[in-house]
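Structure record follows, encoded as structure tokens.
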Amino acid sequence: MHLQTIPTDPIEGQKPGTSGLRKKTRVFMGRHYLENYVQAIFNAIGGVQGKSLVIGGDGRYFNDRAIQVILRMAAANGAARAIVGQGGILSTPAASHLIRKRHSDGGLILSASHNPGGPDEDFGLKYNTPNGGPAPEHVTDRVHAESLRLTSYQIVETSDVDLETLGQTALAGMIVEIVDPVADYAALMQQLFDFDAIRALFAGGFRMRFDAMHAVTGPYAKAILEDELGAPRGTVVNGTPLPDFGGGHPDPNPIWAKDLMDLMLGPEAPEFGAASDGDGDRNMIVGRGCYVTPSDSLALLAAQAHLAPAYSAGLKGVARSMPTSAAVDRVAASLGIACYETPTGWKFFGNLLDAGRATICGEESAGTGSDHVREKDGLWAVLLWLNILAVSGKSVAELMAEHWARYGRNYYSRHDYEGIPKADADAVINRLRAALPALAGQTCAGLVVTSADEFGYEDPVDGSVSNGQGIRISFEDGQRAVFRLSGTGTEGATIRVYLEALRTDPGQLTLDPAVALAPVAQAAEAVSRLAEMTGRNRPDVVT
Ligand code: G1P
Ligand code: ZN
């Protein structure tokens, strides 16, 4: 076993996006690619000498190989301890919890979230800070700067660490501790929720299906829902993590979780359905015959969280990403608590959670979470829903109908245009940006523009500023269109168009969402000329 300092050259394009660095797996497997990025992270955080790190991932192809490299590099860089999920597995929220619980100096999470896995698909690596959350921009900027001036990396030559056997071993002076990936997380969930009430719900014949999408939440969901809460065996489907997620996109939405949608909207539907993504931080909620949009789920959870023990004293505040619908704003206003609007990406919630300004946060992209960890948390959302269903005794459809009757309904849809040549996507956004100053007061496809701007955010805790976070155009009557470029794609550019329309009239609460959103969809096209400029007549994915 010996320490090596390997000369290397900087690699272009190692700039972390919305959630770490995501690239094609083969890029990550390329010569020095992973090593350079890991060394850049270590350098950017002042080295890892004497530090402890949590390491784990979603089990996708290359997860295990990458962990071996990271362990050898951490040891070579003088780290004292690596806490690794057994088999290299840790869901993103479980990793966040472990970082916090063990007071470690941060963690490395290997995942490309909901993107497909495999040698020809996607891989990713993200550094989380000691608070358990994704690194804020000033840290990721430093990682990028380090990646551009790297001349060598450090690694020890040694055989592989056994990732399967629980317990401690040593690697070139560093302790490697293999831990059960589920136990600590399950214990945390038990503290937050009324497990007795949920147990009684299942004992009374309530049935659900949880689709783990062949991804990381299978073992977590089986342990908690089936073993702990008494849901029948078979409640969790696709529950074994596979390196290629069974060939699908582990993305919990009506498109990629179509089997679950078909079941829930069909005659054999159980009371409740849910799914989670590749690394376990996203969730999809669907009741019998009733799909709940992520924005509505956030609002419902904020309104009913007091039914769960951890939130019985009320919420300090709520936060949502800018493109997320304003449904939760209406709940916050009625509760008399603050509601923060942040840029896209969970990292922007970190300061608000740390400062005790927000308790529950969410994004339209199926991310919901609270101050129990510093990541969004798919199973947490499912368990909070179960807690609310158990204590209220109502169905998902009843809860949503009552919610809309009280707060109004924010119809919502996101349209994704994928694989657009970068220059074309930039042209659409640049033209919109140039048009903004003159838009207010104009009529687009019959709708009057009430305001138009490019979203910028000043963090209320540390004052940091993030500009260029998406173009938002508000129309009359609570209708809104938002345009932004994805920061997580690995091929070409993705334009996301987010459409919203508020209806408060009791006769308008059960419209077909496509009908309710048709006027704002037309106005969005009129104002952006997206179809004309990209040659795309319809979005690739509608959620
Ligand atoms: C997408 C979602 C965003 C989420 C991120 C990471 O980012 O839109 O809400 O935080 O994935 O899961 P985007 O591709 O839009 O930059
Ligand atoms: Zn994810």
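The values are calculated or read from the model by the stated rules, or taken from the named source; none is laboratory data. It should be emphasised that the depicted structure is a prediction, and the values quoted were computed from it without experimental measurement. Reconstructed Cβ throughout: ideal geometry from the backbone, glycine too, with neighbour counts over all protein chains shown. Quick note on the areas: whole protein, heavy atoms, side chains included, nothing else; ligands and nucleic acids left out. Shrake-Rupley method; radii C 1.70, N 1.55, O 1.52, S 1.80 Å.
At a glance:
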item	result
Full-stretch length increase - LYS101, ALA531 - with 0.36 nm per residue and alpha-carbon distance subtracted	149.9 nm
Cα Rg, Dmax (largest Cα-Cα span) when computed across segment 256-304, Å	11.2, 31
Amide H contacts of GLN442 (H built 1.01 Å from N, under 5 Å, at least 5 apart or other chain)	VAL449
Percent RCO, i.e. relative contact order, over segment 359-403, from Cα pairs under 8 Å lying at least 6 residues apart	20 percent
Alpha-carbon centroid distance for the pair segment 147-163 / segment 216-248, whole angstrom	34 Å
Whole-angstrom gap from segment 29-101 to segment 331-370, using each part's C-alpha centre	28 Å
Over the chain: helical MRE at 222 nm, DSSP H runs n ≥ 4 each giving -39500 (n - 2.57), nearest 500	-9500 deg cm²/dmol
Segment 324-471 - Debye-derived log10 I(q)/I(0), Cα point model, q = 0.10, 0.11, 0.21 Å⁻¹	-0.50, -0.60, -1.48
Segment 287-305-segment 250-285 distance, computed between alpha-carbon centres (Å)	14 Å
Stretchable slack from GLU491 to GLU268, in nm (0.36 nm times residue separation minus alpha-carbon distance)	76.4 nm
Global geometry of segment 450-543, whether rounded, prolate or oblate, following the gyration tensor of its Cα atoms and the 1.5 cut on a/c	oblate
Stretchable slack from ARG149 to GLU418, in nm (0.36 nm times residue separation minus alpha-carbon distance)	93.6 nm
Distance (nanometres) between label positions extended 7 Å along Cα→Cβ at ASP184 and GLU12	4.1 nm
Distance histogram in 20 Å bins (all Cα pairs of the chain, percent per bin)	22, 56, 21, 1
Charge dipole of segment 352-469 about the Cα centre (unit charges at C-beta), most positive-ward option of CYS444, LEU384, THR359	CYS444
Net charge of Cβ neighbours under 14 Å - reference ILE388; Lys, Arg +1; Asp, Glu -1	-4
Cα-projected label distance for SER334 with ARG207, points at 7 Å along beta-carbon direction, nm	3.3 nm
For segment 312-382, projected area of the alpha-carbon convex hull averaged over all directions, nm²	4.4 nm²
Eligible lysines near LYS23 by straight Cα distance, threshold 25 Å, same-chain separation 8 or greater	LYS15, LYS126, LYS347, LYS376, LYS422
Accessible surface of the chain [probe 1.4 Å, protein heavy atoms]: carbon and sulfur percent	49 percent
Ordering of 350-363, 513-526 by burial proxy (mean other Cβ atoms within 10 Å per residue, highest first)	350-363, 513-526
Whole-percent pair-distance distribution, where bins are 10 Å wide, for the alpha carbons of segment 1-77	15, 54, 30, 1
The chain: relative contact order in percent, alpha carbon pairs under 8 Å with at least 6 residues between	13 percent
Cβ-placed point charges (K, R +1; D, E -1), dipole of segment 380-514 about Cα centre in debye, nearest 20	160 debye
Farthest positive-ward along segment 60-182 dipole, Cα basis, beta-carbon charges - from PRO119, LEU166, TYR61	LEU166
Peptide ranges 273-280, 342-349 listed from the most packed, as the mean C-beta count within 10 angstrom indicates	273-280, 342-349
Cα-based Rg of segment 228-345 normalised by 2.2 N^0.38 Å, two decimals	1.22
Positive-end extreme of charge dipole, the chain - chosen from THR504, GLY107, GLN469 (charges on Cβ)	GLN469
